[in-house]
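What follows is one structure encoded as structure tokens, with my remarks underneath.
The values are calculated or read from the model by the stated rules, or taken from the named source; none is laboratory data. This is a predicted model, so every value here is computed, not measured. In this analysis, Cβ positions are derived from the backbone assuming ideal geometry, glycine residues included, and neighbour counts consider all displayed protein chains.
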Amino acid sequence: MDINFPLILVLLVFGTGLIYLVDVLVLLPKRRLAVEQYRSTVTAEDHEVVAGLQKEPVGIETAKSVFPVLFIVLVLRSFLYEPFQIPSGSMKPTLDIGDFILVNKFAYGIRLPVIGTKVIDVGDPQRGDVMVFIKPGDDINFIKRVIGLPGDTIKYKDKKLYINGNVVEESFITKRTDVGAGPYKVFEETIDENKHTIRKILGAASRKDGEGEWVVPEGHYFVMGDNRDNSNDSRFWKFVPDENIVGKAVAIWMHWPKWTQLPSFKNNGAIN
């Protein structure tokens, strides 16, 4: 079972903030009143007694100290930028397993945390964008490239991609071999004005269940992985609804495939 970190963060911010508010409005005035009452009953006050009366309980002190930090983290990851790690090879060669990426959370509009409702419209996904979203039917973050916008007709047959009846331009770059995956070819693909690299496994037949023609409904998007022969995407489970969008992947800031290895910065840079 996946941990719903955004929900946990929201609950922590709400809980610590509530404790902070109760202390300011109720408990702090009571502590001050207790000090005043003590001072009114003695001629020479004991500083240790006063300090004891003013002292915040440990739980309240902890909540008040962590609330600002949690609140800042919530704002940053909910409305500005959020880090993600790439868990699979479905976006090779653009993104490798172990790449840590930065996702722009406001590129496609300001959304409420957890429920994902858009409250401020900033922009919409464009063809060629690399987008993070919640896979329909699951509570799992996926990352794929936006291929089809609402109203587009997408066709994929014999490893060729068509958008609105036009074959997508691609040019051969190189042939390589991956350990465990065998030989493959790298192409530069151009969608609108976006140029990016894709890979196709050499000699692998196009999966028939991944072929077809789809019309993207309103409020939805068609996405595919750059590793065309090894990607679980819209060809198999259809479309991404707008409310499932998390943000736009904009940069790689670290590569760390295994905890037993040292992190590197060889892949750092903007994501095309």
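If you go through segment 242-257 one residue at a time, do you hit one that is closer than 24 Å to ILE154 by Cα, surrounded by 14 or more Cβ atoms within 10 Å (Cβ to Cβ) and at pLDDT 95 or above? Yes, some residue in segment 242-257 is closer than 24 Å to ILE154 by Cα, surrounded by 14 or more Cβ atoms within 10 Å (Cβ to Cβ) and at pLDDT 95 or above.
Here is a yes/no grid of residues against (1) in the same structural domain as ILE19 (by TED's automatic domain parsing); (2) over 12 Å from GLY247 (Cα atoms); (3) of a type outside the set (D, E, K, R); (4) surrounded by 15 or more Cβ atoms within 10 Å (Cβ to Cβ):
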{"site": "ILE72", "(1), (2), (3), (4)": "yes, yes, yes, no"}
{"site": "ASP96", "(1), (2), (3), (4)": "no, yes, no, yes"}
{"site": "TYR108", "(1), (2), (3), (4)": "no, no, yes, yes"}
{"site": "PRO125", "(1), (2), (3), (4)": "no, no, yes, yes"}
{"site": "VAL130", "(1), (2), (3), (4)": "no, no, yes, yes"}
{"site": "ILE134", "(1), (2), (3), (4)": "no, no, yes, yes"}
{"site": "GLY151", "(1), (2), (3), (4)": "no, yes, yes, no"}
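Among the residues of segment 146-159, the one identified as more than 29 Å from the chain's Cα centre (by Cα) and assigned to a strand (DSSP E or B) is LYS157.
Out of ARG77, ARG31, report the one residue that is touching a helix residue (DSSP H, G or I) at 6+ places or on another chain (Cβ under 8 Å) and modelled with pLDDT under 90. Step through it out loud before you land on a result.
Values: ARG31 fails: modelled with pLDDT under 90.
Testing whether each residue is touching a helix residue (DSSP H, G or I) at 6+ places or on another chain (Cβ under 8 Å) and modelled with pLDDT under 90 leaves just ARG77.
All conditions but one from (1) surrounded by fewer than 17 Cβ atoms within 10 Å (Cβ to Cβ); (2) touching a residue at least 40 places away in the same chain (Cβ under 8 Å); (3) among the hydrophobic types (A, V, I, L, M, F, W, C) apply to LEU102; the one that does not is (1).
Which of the residues that make up segment 108-145 are of a type in the set (Phe, Trp, Tyr) and either without any contact (Cβ under 8 Å) to a residue 60 or more places away in the chain or part of a strand (DSSP E or B) (or both)?
Keep residues of segment 108-145 that are of a type in the set (Phe, Trp, Tyr), which gives 108, 133, 142.
Passing the criteria: PHE133, PHE142.
Condition first: in contact with a Pro (Cβ under 6 Å, 6 or more places away or on another chain), modelled with pLDDT of 95 or more and crowded, with 17+ Cβ neighbours inside 10 Å. Can you find one or more residues in segment 210-217 that meet it? So that I can check it myself, show each step before the final result.
Let us first name the residues in segment 210-217 that are in contact with a Pro (Cβ under 6 Å, 6 or more places away or on another chain), namely 216.
If we keep only those that are modelled with pLDDT of 95 or more as well, we get 216.
If we keep only those that are crowded, with 17+ Cβ neighbours inside 10 Å as well, we get 216.
Yes, the conditions are met somewhere in segment 210-217.
For segment 223-241, a residue qualifies if it is among the basic types (Lys, Arg) and surrounded by fewer than 21 Cβ atoms within 10 Å (Cβ to Cβ), and exactly one does: LYS238.
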